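The values are calculated or read from the model by the stated rules, or taken from the named source; none is laboratory data. Just so we're clear, the structure is a prediction, and the values are computed from it rather than from any experiment. Glycine also receives a Cβ, built like all others from the backbone with ideal geometry; neighbour counts cover every protein chain displayed.
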Amino acid sequence: MEVLATVIGPVGILLVLGWILKLFFTHRRRVKLSQLQYEMQGKLLDKFSSTQELAAFLQGDSGERFLQSATVERSDPHLRILGSIQACLVLLAGGVACLALEGRITGADEAFAFLGTLGVALGIGFGLSGGVAYLLSKSWGLINGGSTAARLPEGP
């Protein structure tokens, strides 16, 4: 059991630190992106001198794209599914490698068995998550179909 702690401890600490750094940089990127979008949208809206001009703009294709871009967090189902599949493959490969090393390094049998089993289980979980996300996205029309987002009514 002591060997298990010496293997898992440093690896776990590095993984947690890497995850925290990833979250930090992702948050910074999102904040900067939202600030840039806010400034750009404000400048664009300042260009209109009347509500009729603004209404005419919003009813066109470019107005529709403007309204769709107004939301900062637009989740692309393709990227989310691809991320799940990538995590699945990496964890499965790592888990299988640990299970293959289980009997080859003396004193670390339990550690490799634990890490291998955990990696394979998490890999299968991410694979199932990607599959379910694909099926739901397809049934909701987010993949290979039109978006179910509300459209602006055509004005007179």
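Here is how the numbers come out for the structure above:
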quantity: Residue in segment 60-72 that is touching a Phe, Trp or Tyr at 6+ places or on another chain (Cβ under 8 Å), among the aliphatic types (A, V, I, L, M) and part of a helix (DSSP H, G or I) present; calculated: no
quantity: Residue under evaluation Phe57, criteria (1) modelled with pLDDT of 80 or more; (2) under 30 Å from Glu102 (Cα atoms), criterion not met; calculated: (2)
quantity: Residues of segment 97-136 satisfying the condition of being over 22 Å from the mean Cα position of the chain (by Cα) and either of a type in the set (Lys, Arg) or more than 22 Å from Thr6 (Cβ to Cβ) (or both); calculated: Arg104
quantity: Selected residue (only one of Leu115, Leu136 is out of contact with any Asp or Glu (no Cβ under 7 Å at 6 or more places or on another chain) and either touching a residue at least 40 places away in the same chain (Cβ under 8 Å) or aromatic (Phe, Trp, Tyr) (or both)); calculated: Leu115
